[in-house]
Every structure is written in C-alpha cells, then in structure tokens.
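What follows is a single structure, written as structure tokens, with notes after it.
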Amino acid sequence: MLRFLRKDNSHNEALVFDNVSSGLKQMYREKLRPLEEAYKFGEFHSPLLGDADFDAKPMILLLGQYSTGKTTFIRYLLENDFPGIRIGPEPTTDRFVAVMHGDKDQVVPGNAAVVDPNRQFRSLSQFGNAFLSRFEVSCVNNKVLQHVSIIDTPGVLSGEKQRVDRGYDFEGIVSWFAHRVDLIILLFDAHKLDISDEFRRSIGALRGNDQKIRIVLNKADMITNQQLMRVYGALMWSLGKIIQTPEVSRVYIGSFWDRPLNNDENRDLFEKEQEDLFREIQSLPRSAAVRKVNDLIKRARLAKVHAYIIAHLRNEMPSFFGKQAKQEELIKNLKGIYTHISKTFQLPPGDFPHMQSFQDKLKDYDFTKFNKINPKLLEAADSMLTKDIAHIMQLIPTEERNDDHEMTGGVFGSGGGADGGPPKYDPFTVSGARGVNAGADSHDWIVLEFKEEYDAIFRRLGPVNGKLTGSQARTEMVKSKLPNATLRKVWNLADVDHDGMLDCDEFALAMYLIRVKLENNDLPEDLPYHLTPPSKRGLGDDLQDGDGAASGNGKPPSAPAAADDDDDVIVTTTTVAYTAPDP
C-alpha cells in the first residue's frame, strides 16, 4: 500500500488547458519532448519543437523547377511586391525566402532569423552557414500575411545545372519545411513537364506529408484547349510514378499572374480552379489548430515506435566482443525487427519510419550508447494521446467560432496592400506620371482623351435609361482577355455610385482602367480622386479631404451601408459584399 501511495502518477493525470496553442505547448514540453530527447528522435526524424512552432501562423511551401512561376504566384497572391523579390525566365530566386508579415518592409538575413526566439526557424541552424547565407525572411505589411506565411524556394534545377553542388542539404531543408507547413504547392509549367532528378528527390523528401500536397499546372493559358488536355494527362502520368499514393493529388489548372490570357477559351475553367485553390488557402487559419493537433498525434505515435526500436537495438547488443558485426546484422535485419516490435507491443505497421532511410542513419551510431526502455516516458506519451488530446479537441470548436472570419487583403478581399491607403502622388517616382498616376497633376479628367471612343462603344452596347447592366458591359470587357479576377476589380473601381450598373462616365472609366492594365501597369486598391468621373465627385460627404484627395479615393466603401447591429461583411475572392457581375 505504501509503495502505491509513493508511485508517481503525475504523468498519467490529464492536463488542464486554457486554449489550444498553450495546451499543445504544455503537452509537448511535459509529456512528449522528454521521450524524444531520451531516444534521439530529433536526430533521426524531425528536430525538436519550440514554443514558436506552435504559435506560428499557417505556412505554405512553394516548390517547383525554375521558371514555373513560384515567385510570381506569391506576388499575385499578395497583389504587391515584397522586399528581395526576384522574377525572371531563368533561375532568379537562389535562396529560401520566408515571406511573412511585418510592421515595416525589410529583409532579415538567415543567421539573424534563426536566433530570433519569436520565429519558428531556430532549428534550421543545424544546416550550417552554407544554407543560412541562402535563407532570408522578407517582412512586408500585407493583409494576406496577417493570416499566413509563404515559403519561396530556389528553382529546382534540371539538366546539367543539377550536377552543380548547392553546398547544403537541399532535400533535408525541404523535408524540414514539409513537416511544419500546412500546405505544399508543387508548381509545374505547362511547357516544362519533365521532372528532373533533383525534383524527384525533392518530392521524395515530402514523404509522410502527402495529405498536404497540391499540384498547380501554371501558365495554362499559353497552350490551346486540346494541348491542355494532353499536358494534364502527361503530368498525371509522370507524377503517378513519383507520388506513390492510392489517392490522386488535386491538380489546379490556371495562369496565376495578372497578364492578359493568351488563350482565353478556358477562362471559366481557370476562374473556377483559382477560386477553389484560394478558398483552400483561405481556410488554413481556421483549420490550423486541427492540423497542429493532428501533426502532434503523428509525431507522438512515431516517437513511441522510435523509442521501442532504439531500446530493442540496445538490448540486442553484446556486452564485450563482436559489437560491430552484431550492429551490422541488426541493421540488415531491420525489417524483421519491425515485425517483431509490431507484434510484441501491438503497434500498427503504418506508424514505423521508412526503413531504408532509417537504416542509413543507424550506420552513424553506436548502439551501445542508446538508452534502454523507460516505461514512465512511454506512459506519459500514452496519457497525452488518450486523455490530453481529447481535452484539446473540445476546445477547437470554441476557438473556431471565436476566430471564424474570412481573410481580407490580396486575392481574398479588396487588395493586398497594407491599410492606410495608397501613397500620395509623386511625379518623380518610378511610375509617377504613368499608369493610374497619369493625369494626377492636371485639372482635366484624363479619361476625356479617350471618351469619344468609349462613348461609341457604350451606345453600341444598347444602354437602358443611360446605363449598362453587368452582362452588357461584360461583353466588351472580356475582349481584353484579362483574367476574371482583374476584370472584377476593374468593375468594382468603375462602379463609383455602387448601383450595380455603369453609366457612360463609369463605363469610360472601366475601359480606361483596362487600358492601364494592358499597358502592364498595376491597378489601384482604391480609385484615386483624379480618376473619379467629375459627375461623381460630389457623391457623399467624405469624398473630398483637406489636401485635394478623396478620403475614400473617390471610391465608395467596399460594401454597402449595413445596419449598425451587424458589422460583419463577408468577403470572397477579390469581391466585396456587393457581388459584381462575373466578367
């Protein structure tokens, strides 16, 4: 009886948590990390976790061969550049770039980023200076990045280029990120479907994270409908030999940039695929808690199996002679050891690590220095899986309800730029007198230069009571071959009075904005005062501010006025509460 009273049952007691994040940190720190440290789990599998890993925003990893549009994809997602951005037809991104939210735009070098306790990159220091000199954190004040972080990677090399040694463990770093991100996007160019040896190894480094992988067939507007069908089939055939899973990975088809479409016969397909992908990205913050719990469960199950394997290898070693020969024999017979441990301790075979990679790592260790089995550590891990996880799962629905909001900014809302409105007009900036800034220093409405041409089109479309409906305007706007997301933004900017139709001045403004975009200029997040039609500048009490600019930049609010008792506005991809007609 006395022995029972003295028995330490602290590990078997269920913990009490205030929220999911703090609960996961406490569970890992008290019940799982001691097991991982005792049996060198971090050296064989994934490095040990810190508090920042549990507090981090959801992350997206982009991986693909060079010139498949990874960096352009990020720019399209954010709707603005980020510090250190490099875009080009040849390998331009020569480093891993973590694009994250920050109060000011800056680049944090890799060595500084890995020592920051508030970032989740501390364990990347194990890859050495050769890698850290090729790693940086790009901070930008962007609405999208308030909810997710994006990891841009160097273009995977092909041909003779892949024979050049990078100087660091590229596949190992890809594997490190794969275990920590929430979504992995593999990008393929519709004109470049060959999978190089390095890309094949990189995809292999994603093993164990297949449920996170999504495929994007990018630049699909560069080929015809018939060619696209054949390219899609070839891509699926190539991937089937590499990603060896019974489930077919989801493939999204489109052109993720804001240039005019070369072949717009698949416009509707591209639009629907883009909305599906962005909707999945948009859901990441709400599902982050579930993903962290799921990953911790997988980690705990693997840690238990790892402990039994390490302890078994230690027990099988002789005390004096023949240690080297016995160690080689155990490594060779690892498959039999797996089977024995699985049957003895009733462990599912699916929880065991990949045998070939585990054998390769075991060759570098002395089995006699491994620890024997510690029942208390295993009991603590079992207690976490059977009791604590259940309590955590009860907190998730409550947190989801409290944080159930749509992401705003970039492709998710009214623009990716930071709050505070667009910068004031400056004629000496790079685009000071071009694009939407043209005419900013003139008293005349610059659209008047093209008004006669646009009025003729307006009359030809058959306005009713002096206005065009969305379907009428769509007929002319889609001739630009701009993506639907861009045309929808044009519509929202041009519909100044927010009545769902365009009069002759608003239609002329829409056509002018299309012209601006076709000349390879960016569209504004809000309509500048100098582009607001003169007939609309008197709308509202707050259009004119003290320095001659519109306080709303000449553009009505993103959503029509609602009752005071409901401030929630549901935003969808590049639209607002008022749904503009799909161009």
| Where Lys and Arg each count +1 and Asp and Glu each count -1, what net charge lies around Gly322 among other residues with Cβ under 11 Å from its Cβ? | 0
| field | Heavy-atom surface of the stretch 457-546, accessible at 1.4 Å and reported per residue (Å²) | value | 41
| query | How big is the gap, in Å, between the Cα center of the stretch 317-389 and the Cα center of the stretch 215-275? | reply | 43
| So what are the ³J(HN,Hα) numbers for the stretch 479-487, from phi and the Karplus equation (6.51, -1.76, 1.60; θ = phi - 60°), rounded to whole Hz, Gly and Pro as x? | 5, 6, 6, 6, x, 4, 4, 5, 5
| remark: Computed from the beta carbon distance with a Förster radius of 25 Å, FRET efficiency for Asn19 and Asp103 to the nearest 0.05 stands at 0.50
| note | Once Lys479 and Glu265 are pulled to full extension, the length gained, defined as 0.36 nm per residue separation minus their Cα-Cα distance, is 75.9 nm
| request: Putting +1 on Lys and Arg Cβ atoms and -1 on Asp and Glu Cβ atoms, find which of Leu330, Leu228, Asn209 reaches farthest to the positive end of the dipole of the stretch 201-337. | output: Leu330
| field | Cleavage-rule hits (trypsin sites (Lys or Arg not before Pro)) in the stretch 309-367: DSSP loop, at most 13 neighbouring Cβ within 10 angstrom | value | Lys363
| query | In terms of modelled amide H atoms, which long-range or inter-chain residues lie less than 5 Å from the amide H of Met59? | reply | Ser149, Asp182, Leu183
| query | Counting Lys and Arg as +1 and Asp and Glu as -1, what is the net charge of the other residues whose Cβ lies under 11 Å from the Cβ of Arg515? | reply | -2
| When Lys and Arg each count +1 and Asp and Glu each count -1, what net charge do the other residues less than 9 Å away from Arg291, Cβ to Cβ, add up to? | 0
| task | Starting at the first residue of the stretch 286-303, write each ³J(HN,Hα) from the Karplus equation 6.51 cos²θ - 1.76 cosθ + 1.60 with θ = phi - 60°, in whole Hz, x for Gly and Pro. | result | 6, 9, 4, 4, 5, 5, 5, 5, 4, 5, 5, 5, 4, 5, 5, 5, 5, 5
| remark: On the accessible surface of the stretch 185-226, probed at 1.4 Å with all protein chains in place, carbon and sulfur together account for a percent value of 45
| Label-point separation, Asp455 to Leu48 (7 Å along Cα→Cβ), nm | 7.7
| If you rank His354, His312 by how much accessible surface each has, with a 1.4 Å probe, what is the order from largest down? | His354, His312
| note | When every protein chain stays in place and a 1.4 Å probe is rolled, Asp194, Asp264, Asp152, Asp503 sorted by accessible area with the largest first are Asp194, Asp264, Asp503, Asp152
| note | PRE zone check, label point 7 Å out along Cα-to-Cβ of Asn371, amide N under 11 Å, scope the stretch 37-66, hits 37-41
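The values are calculated or read from the model by the stated rules, or taken from the named source; none is laboratory data. Nothing here was measured: the structure is a model prediction, and the numbers come from that model. Please note: Cβ atoms are built from the backbone with ideal geometry, for glycine as well, and neighbour counts cover all protein chains shown. Side chains are part of the model used for accessible areas, which takes the heavy atoms of the whole protein and leaves out ligands, DNA and RNA. Shrake-Rupley method; radii C 1.70, N 1.55, O 1.52, S 1.80 Å.
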